[in-house]
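Remarks on the structure that follows.
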Amino acid sequence: MKSAKRLNPLDWTFLAGESGETMMMVGALMPFSPPPDADESLLRRLMDEVRADARACPPWNYKLRFPNLLAHPLQRWVEDDHFDVEYHIRRSALPSPGDERELGILVSRLHSNRLDFQRPPWEVHFIEGLEGGRFAIYFKVHHALVDGYTGIRLLSNSLSSSPDEHDTPMFFSIAQKARTARADKAPREPTLDLLMRLAREQVDTSQTITRALKDTVMGAWKPEKARDPALKAPMQAPKSILNQKISRNRRFATQQFSLERLKRVAKAHGGTLNDLVLALCATALRRLLGELDALPAEPLTAMLPVNVRPKDDPGGGNAVGAIIASLATDIAEPQARFRAIIASTAAAKAQLAGMTRNGILQYGALLMAPLLLARVPGTVGRIRPAFNLVISNVPGPTRPLYFRGFKLDAYYPLSIPMHGYGLNITVVSYGDQLNFGFIGCRDGLPHLQRLAVYSKAALDELDGDTSA
């Protein structure tokens, strides 16, 4: 082994959470359209090229030092001296001409299989046979090696902004630039004054978090007339078919919307783009669960990773926190449902507004802590879930991208269902589009693909209201 890299605590947690049913991997589906002079032999030649140049750069050549004991306390990444590129890069085909449904079925099956921890934990599948001369790339990687945001950035950097570039290298062969330490981040001597100041910051942070949790949790249990119905707390979500034990089988569905249209509809109803994303998901879930006779009387809630600017942020950066918001699935009228969602996200974000950056991060971690209960035998399905599902919005490439002359049509994300939380919805922006990826337990949530269809109907409904 040439070198080793320690796992940080969060990466270790993702490894510790791995099981036969809860596979802690994220992925992407990227369909491409051909240029007028498309090279029909592209994928065959690409595989020949891969075999001829079998090198991989960090982190793509990292494997686990203890692959048979994922939660080993001394676990670390080590370079794979026997990296086998043909194992990681694969070529698949649909019965031609393949349609979007057949592509979704194939990707669902591919995402139902665990990664091999004896090797670097990632795979890429080139999928040909799509109608119109199109092909797709399906990519998956363990979250401990690369998170979703970093994965998008690394994949995007391996694509070209020009359709005329035909020698784009594969992402795994591109060396990542090392970050240089900023002058203002240089280590400081641990003087007494500095230690006292840090201690005061920690006390202030703890007091802020304590007040926020008290307001949230205690507010949820106040008498109905006295509490803020818009503010949702952990463990306040209703039991539902989304919150059971899951199998390893996955179902994946996609949807794509115009960003301009989404922003216009959101503004017309007095909400943000994220509010509208929640409203579309809420309406789709209300309709599907209603058809399955499984819609709870209480509103479903969602955990949302959010970018916020705390009071101590001088600008130029974002902090990532987490909030819990109502999806108002108990409200039948779409406009009223949307207004309730807007009120819920506003109330949750207002709590974060007075926190420091560290406070926001720690508060988010505390909101996520109930997820650990799902790993305690006998708890899933018997106690209230911390929330019903996760809905994430991740920024993606802002300009059109190409691979060997083929244009990237969309970037559909795949995230992580887990025991007690069998549905995950992630959206990624690409150019002037917003791409939805619905991933869930095939056995626990029948007809999951209908969520994609129903989300489009939900937008048409709200858009019709603005033009009426």
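The values are calculated or read from the model by the stated rules, or taken from the named source; none is laboratory data. Note that the coordinates shown come from a computational prediction; the quantities given were computed from them, not determined experimentally. Because the Cβ atoms are built from the backbone with ideal geometry, glycine has one as well, and the counts that use them run over all protein chains shown. The accessibility values were calculated without ligands, DNA or RNA, using every heavy atom of the protein model including side chains. Shrake-Rupley method; radii C 1.70, N 1.55, O 1.52, S 1.80 Å.
Points to keep in mind about this one:
- Solvent-accessible area, 1.4 Å probe, carbon plus sulfur percent, for the range 383-455: 53
- Per atom type, the range 232-303 shows carbon and sulfur on 47% of its accessible surface, probed at 1.4 Å.
- Protection proxy ranking, highest mean first, for peptides 13-20, 448-455: 448-455, 13-20, where packing is the per-residue count of other beta-carbon atoms within 10 Å, averaged.
- Cys57 accessible area, 1.4 Å probe, all protein chains in place, Å² to nearest 10: 20
- Length gained on full extension, Ser158 to His82: 25.0 nm, using 0.36 nm per residue less the C-alpha separation.
- Look at where the Cα atoms of the range 235-281 and of the range 122-164 average out, and the two centres are 23 Å apart.
- Normalised by the number of residues in the range 1-138, the average gap of Cα pairs under 8 Å and 6 or more apart makes the relative contact order 34 percent.
- Loop-resident sites, the range 223-301, for GluC sites (Glu not before Pro), counting at most 16 other Cβ within 10 Å (DSSP): Glu224
- Rounded percent of accessible protein surface that carbon and sulfur make up, the range 1-135, 1.4 Å probe: 49
- Taking a sphere under 10 Å around the Cβ of Pro97 and counting the other residues whose Cβ falls inside, with K and R at +1 and D and E at -1, yields a net charge of -2.
- Looking at the range 9-84, the accessible area is 49 square angstrom per residue; that uses a 1.4 Å probe and ignores ligands, DNA and RNA.
- Peptides 342-348, 265-271, 416-422, 324-330 ranked from most to least packed, by the mean per-residue count of other Cβ atoms within 10 Å: 324-330, 416-422, 342-348, 265-271.
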